[in-house]
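Below is one structure; the comments refer to it alone.
The values are calculated or read from the model by the stated rules, or taken from the named source; none is laboratory data. None of these values were measured; they are calculated from a predicted model. Note: ideal-geometry Cβ built from the backbone for every residue, glycine included; neighbour counts use all protein chains shown. Note: areas computed on protein heavy atoms with side chains; ligands, DNA, RNA excluded. Shrake-Rupley method; radii C 1.70, N 1.55, O 1.52, S 1.80 Å.
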Amino acid sequence: MMVNYLHPRSVVTLLVSIHGVLSTIPDCSIVSSSYSTVLTACDISDIRELHSSVFMDLGSPRLCSSGCVQAMNTLNFHAYDCSSAELNVELGFSDTKSALLNATIVQDTCNPPSATCFRKMRDLLRFEASATGNRCLQLLQTVSTELRENVASAILDGFCNSHCGANVSLYLELLMDAKCTDWRAVRTTKLRYDLTCHAVQGTRCAAVFTLDRFRDTLRAAINPPSGSSVSQIERNLSLFCSPCFHDHLRLLNQYDVADKQDLLITWERLCVKDSSLFCNPRYNDVVATTGDAGVNVRARAHCNVSAMRRCSARSQIRDVLALEPSADSTATQTEIASLQTEIETQCLEQPGVLTSRGEPQLCADVMEPLLRLSTACAADDTNCERFTEMETACATVGENSTCPWGCQRRYGPERDRFGCCYRAVHGQLQSLQRTDLLENFSRTLTIAAECNRPADAACTILDYTGGVGASLPVQVPVEFLKKNTTTIFEAVSRDVRRAVGQTSAGVYVTDYRFVTLTTSTVGVVLLGQSRDSALRIKEQLDRDVDNGAIVFLDTERLFHSTCHTSRGRPC
């Protein structure tokens, strides 16, 4: 099946609807015009002028003016989408990545929070400008172009495990001890060096994942070329979706001064997996191919266990989270409510009933004869044929009439076959305000009343007696979480829902536990239609934790924007 990423519920389309224009995603194609704005706003002829002297003063008024700062922010934001070669072309000279980084660091030193912060940052920049510091920076320049992972890893070890890494770490710790973390210069510098030396499971990630190396692959994953198949997109995703990718995402989220939150949310969504399946392309494909189908047809596609696992629920909760910041309008609130209803009810199962493939029987399958769009039954559809025979046998039954034996004989088995699904699906359609489909129930409701055989009680949606406990890792001190302000609670709630793929009704936080001075776990209880379904959710969650795929985007960004850690001490 050929798919296009930009389906009506894709995250990029949602960002357009929320923000009006697609300005929240970096775009290399507009770097040239952004650079012209910088030259005008900062009154320079070349960006390298902004790094023409060693950091000795508090920054010139020209460099630190709001217009120059805003222009540089915009340039940096969109340059993030450019490879080194592309940026050289857009700006018109070589080694533009280094020039832009150097200019940014100098400008970021505008308005230091204190004279102490100013002096300590000056010490770090003087070290970088020294002969020793220059040799260290040359190592980083070498590794940036090295494609052999083993060689790159050895170079990184040579930097991070030597006096280079030790000196940089010392200067950064002194800045953090002095509570300079909110200063843009510190955040930019810390991000640069953390991305250089961070490791996951003993692997130097800068040797495995760099944005330049996977830039084209990322672009193809976000906006696949026309005619791309799901399997082709999944192959692209498998190239970079790794623990190192998630750690890269985490570091950008914590320290990047540019507001790339929308981009990080898009990236995080790309690598969501359920079992071995990449969810994003599969969800997009189902939405694109079933958009005009009936509610039960869509549910059967979204809930196909072998093809989807829980991919639809995990994608839909991300749609909900993308919509929540703009939930002021009635239309958006309705869309959120609709998505939440689908997450909770579209994959309801008939308890104790399995299909011929040994998979749980979906209520969508059970109710298909009643909700089908066509009046004719498909070939070999015995359920549809039996339902049609029941309708014929009960044709004379109306309000305040009798229920003939022939009707009773046909209606009883159909009523039993629908079981708890009848009222469950009826309730779902009421929540979705699908009056067109609710009309399909009117005939059977009349028959049930006249034959004195009402439908069974609705299936359990969430089994509150069968909850399953789980723990999620978060790189935030437990003392911060235990402040439990409304802002913190909302951030944790968003991250937990994103990780689990459940609405707030289907997962709740129980506690926060100490792991180290800078890390914690969030205890949660997972709910499903049954304890077995909750256990299946936990099984996937445990896989994500083991693979380092859980990133608390909202909570960790909140912490790092309001707090700091230094030498293992919480703020």
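Points worth noting:
- Whichever residue in region 343-368 is of a type outside the set (Val, Ile, Thr) and without any contact (Cβ under 8 Å) to a residue 40 or more places away in the chain and, among such residues, is farthest from GLY501 (Cα to Cα): SER356
- Count of residues meeting criterion [among the charged types (D, E, K, R) and under 18 Å from the mean Cα position of the chain (by Cα)] in region 210-267: 8
- Scanning region 275-296 for residues being touching a residue at least 60 places away in the same chain (Cβ under 8 Å) and more than 24 Å from SER226 (Cβ to Cβ) gives a total of 4.
- Condition check for TYR508 on (1) hydroxyl-bearing (Ser, Thr, Tyr); (2) closer than 22 Å to THR341 by Cβ; (3) out of contact with any strand residue (DSSP E or B) (no Cβ under 8 Å at 6 or more places or on another chain): one failure, at (3).
- The residue that is nearest to VAL551 (Cα to Cα), among those in region 200-237 that are out of contact with any helix residue (DSSP H, G or I) (no Cβ under 9 Å at 6 or more places or on another chain) and either in a loop (DSSP other than H, G, I, E, B) or β-branched (Val, Ile, Thr) (or both), is GLY202.
- Of all residues in region 502-531, those satisfying the criterion of being open to solvent by 10 Å² or more (accessible area, probe 1.4 Å) and touching a residue at least 60 places away in the same chain (Cβ under 8 Å) are GLN502, ALA505, GLN529, SER530, ARG531.
- Beta carbons closer than 6 Å, at least 6 apart along the sequence or on distinct chains, pair a first residue in region 167-187 that is under 18 Å from CYS197 (Cβ atoms) with a second that is charged (D, E, K, R) and assigned to a loop (DSSP other than H, G, I, E, B) for GLU173/ARG567.
- Residues in region 307-353 that are out of contact with any Cys (no Cβ under 9 Å at 6 or more places or on another chain) and either part of a loop (DSSP other than H, G, I, E, B) or open to solvent by 40 Å² or more (accessible area, probe 1.4 Å) (or both): 15 in all.
- Subset of region 430-454 [outside any helix (DSSP H, G or I) and either open to solvent by 60 Å² or more (accessible area, probe 1.4 Å) or in contact with a Ser or Thr (Cβ under 8 Å, 6 or more places away or on another chain) (or both)]: LEU432, GLN433, ARG434, ASN452, ARG453, PRO454
- Criterion: of a type outside the set (D, E, K, R) and either in contact with a Ser or Thr (Cβ under 6 Å, 6 or more places away or on another chain) or in contact (Cβ under 8 Å) with a residue 60 or more places away in the chain (or both) - qualifying residue of GLY427, GLY398, GLY406, GLY412: GLY427
- If the condition is being under 19 Å from VAL353 (Cα atoms) and either at pLDDT below 95 or open to solvent by less than 90 Å² (accessible area, probe 1.4 Å) (or both), then region 388-424 contributes GLY412, PRO413, GLU414, ARG415, ASP416, ARG417, PHE418, GLY419, CYS420, CYS421, TYR422, ALA424.
- Helices (runs of 4 or more DSSP H) contained entirely in region 238-303, each with at least 2 residues that are at pLDDT below 90: 243-255, 261-270, 295-302
- Selection status of THR142, buried (at least 17 other Cβ atoms within 10 Å of the Cβ) and of a type in the set (S, T, N, Q): no
- Of the helices (runs of 4 or more DSSP H) lying entirely inside region 7-76, those carrying at least 1 residues that are at pLDDT 90 or above and surrounded by fewer than 14 Cβ atoms within 10 Å (Cβ to Cβ) are 31-41.
- Residue list for region 317-341, restricted to those being under 21 Å from GLN430 (Cα atoms) and in contact (Cβ under 8 Å) with a residue 60 or more places away in the chain: ILE317, VAL320, ALA337, SER338, GLN340, THR341
- Scanning region 215-238 for residues that are in contact with a Phe, Trp or Tyr (Cβ under 8 Å, 6 or more places away or on another chain), surrounded by fewer than 16 Cβ atoms within 10 Å (Cβ to Cβ) and not hydroxyl-bearing (Ser, Thr, Tyr) yields one hit, ASN223.
- Index of the failed condition, CYS384 passing every other in (1) part of a loop (DSSP other than H, G, I, E, B); (2) in contact with a Pro (Cβ under 9 Å, 6 or more places away or on another chain): (1)
- Residue check, LEU362 farther than 24 Å from THR460 by Cα, hydrophobic (A, V, I, L, M, F, W, C) and open to solvent by less than 20 Å² (accessible area, probe 1.4 Å): no
- Boolean, ASP532 is farther than 21 Å from SER561 by Cα and of a type in the set (Asp, Glu): yes
- Contacts under 7 angstrom Cβ, first residue in region 104-119 being among the polar types (S, T, N, Q), partner open to solvent by 10 Å² or more (accessible area, probe 1.4 Å) and not in a loop (DSSP other than H, G, I, E, B), 6 or more apart: THR104/ASN76; THR104/THR188; GLN107/LEU50; GLN107/LEU63; GLN107/VAL69; ASN111/CYS64
- Residue that is modelled with pLDDT under 90, in a loop (DSSP other than H, G, I, E, B), hydroxyl-bearing (Ser, Thr, Tyr) and over 21 Å from GLY294 (Cα atoms), where the choices are SER356, SER374: SER356
- Condition met for THR96 (without any contact (Cβ under 8 Å) to a residue 12 or more places away in the chain and closer than 23 Å to ALA206 by Cα): no
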